[in-house]
Each structure stands twice: as structure tokens, then as C-alpha cells.
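A short write-up of the structure that comes next.
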Amino acid sequence: MLTQYDDREYVTRFLKAGAAGYVLKKAAGTELVSAIRGVARGGLVLDPSIARDAMREDAPAGGAAGDDPYDLLTDREKQVLKLVAEGKANKEVAALLDIAVKTAMSHREHVMEKLGVHGRTELIRFALRRGIIQG
């Protein structure tokens, strides 16, 4: 995607739609060529200013702080998120929280759904960005 818009909402929308790159029109010609090559190799290319904004934990997608999906999690789901992000298996999470394994799995699924993530790796990235766990 080559665009003049650096609004986070646009970036999020296009990346969710499958864009493999998001470059601003103000980019130098060499940056554009590099971005095209990076995407052709199968990479994800983001303008540096957009990438920095995406990693800021105080700027959730959607704008207002009330739109933060983390706020939708229950206290128990936040506990499960932390333990899963630390690498704990469902059985370990269940034992640590004194709940059934199926309950731990259900909490993990709800966390992933509420946060819009797919898989343990994305959960870990989210937890790192939020400072829930340390890298």
C-alpha cells in the first residue's frame, strides 16, 4: 500500500485486509524500492513512523483509551494471559489458578478472541508490548 495517510485506523484496516506493506508517499525512492523487495521476499514492511506508533502501548488502535481490548478482559483472563505469555501450558495454568484444565483453555480462548489475536506467539507479543511480561 502506497498512501499519504498515516492514520493508525487506516493502517490497521489495510493490514487486517491482508496488505503486506504500508509505505507513505513521502518515502524516498530507495525506501520504496526496498519496501517492494521486502514484500516480494514475503516480509511485512511498515513505514518507520507507523511501526513506532504501532508499538506504543499508550496508543491503542481505534483511538480512545476506552477502546483498549485489554480493558475487556476479566481479572481471571488477565491472570491467564500473563501465565500463557510466560510460557505456561494449559495444565500448569490450571494448577496455578486452581481451576480445571478445560476452564483454563476456555479463558485462553476468550482472551485471544477479545484481543483479536491468533495463537500463543501473538499473545506473547501483546503481553510484551503491554509490559505484562518482560522480554
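Applying a threshold of 8 Å to beta carbon distances and a minimum spacing of six or more residues, or different chains, the list of pairs starting in segment 113-135 at a residue that is of a type in the set (S, T, N, Q) and ending at one that is assigned to a helix (DSSP H, G or I) and surrounded by 12 or more Cβ atoms within 10 Å (Cβ to Cβ) reads GLN134/LEU128. Of the helices (runs of 4 or more DSSP H) lying entirely inside segment 4-55, those carrying at least 3 residues that are surrounded by 14 or more Cβ atoms within 10 Å (Cβ to Cβ) and modelled with pLDDT of 80 or more are 29-40.
Suppose we keep only residues that are polar (S, T, N, Q) and at pLDDT 90 or above within segment 103-135. Which one would you say is nearest to LEU73 (Cα to Cα)? Walk me through how you get there before you give the answer.
Of the residues in segment 103-135, the ones polar (S, T, N, Q) are 103, 106, 121, 134.
Cutting the leftovers down to at pLDDT 90 or above gives us 103, 106.
Details: THR103: 15, SER106: 13 Å.
Result: SER106.
Taken over segment 79-96, the criterion of being more than 20 Å from LEU128 (Cα to Cα), open to solvent by 30 Å² or more (accessible area, probe 1.4 Å) and hydrophobic (A, V, I, L, M, F, W, C) is satisfied by ALA95, LEU96.
Taken as a whole, the structure leaves LYS88 outside the set of residues that are assigned to a helix (DSSP H, G or I) and modelled with pLDDT of 85 or more.
Here is a yes/no grid of residues against (1) open to solvent by 60 Å² or more (accessible area, probe 1.4 Å); (2) over 20 Å from the mean Cα position of the chain (by Cα):
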| residue | (1), (2) |
| --- | --- |
| GLU77 | no, no |
| ALA104 | no, yes |
| GLU113 | yes, no |
| VAL117 | no, no |
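The values are calculated or read from the model by the stated rules, or taken from the named source; none is laboratory data. If you're wondering where the values come from, they're calculated on a predicted model, not measured in any experiment. All Cβ positions, even for glycine, are placed from backbone atoms using ideal geometry, and neighbour counts span all protein chains on display. Please note that ligands, DNA and RNA were not included when accessible areas were found on the heavy atoms of the full protein model with its side chains. Shrake-Rupley method; radii C 1.70, N 1.55, O 1.52, S 1.80 Å.
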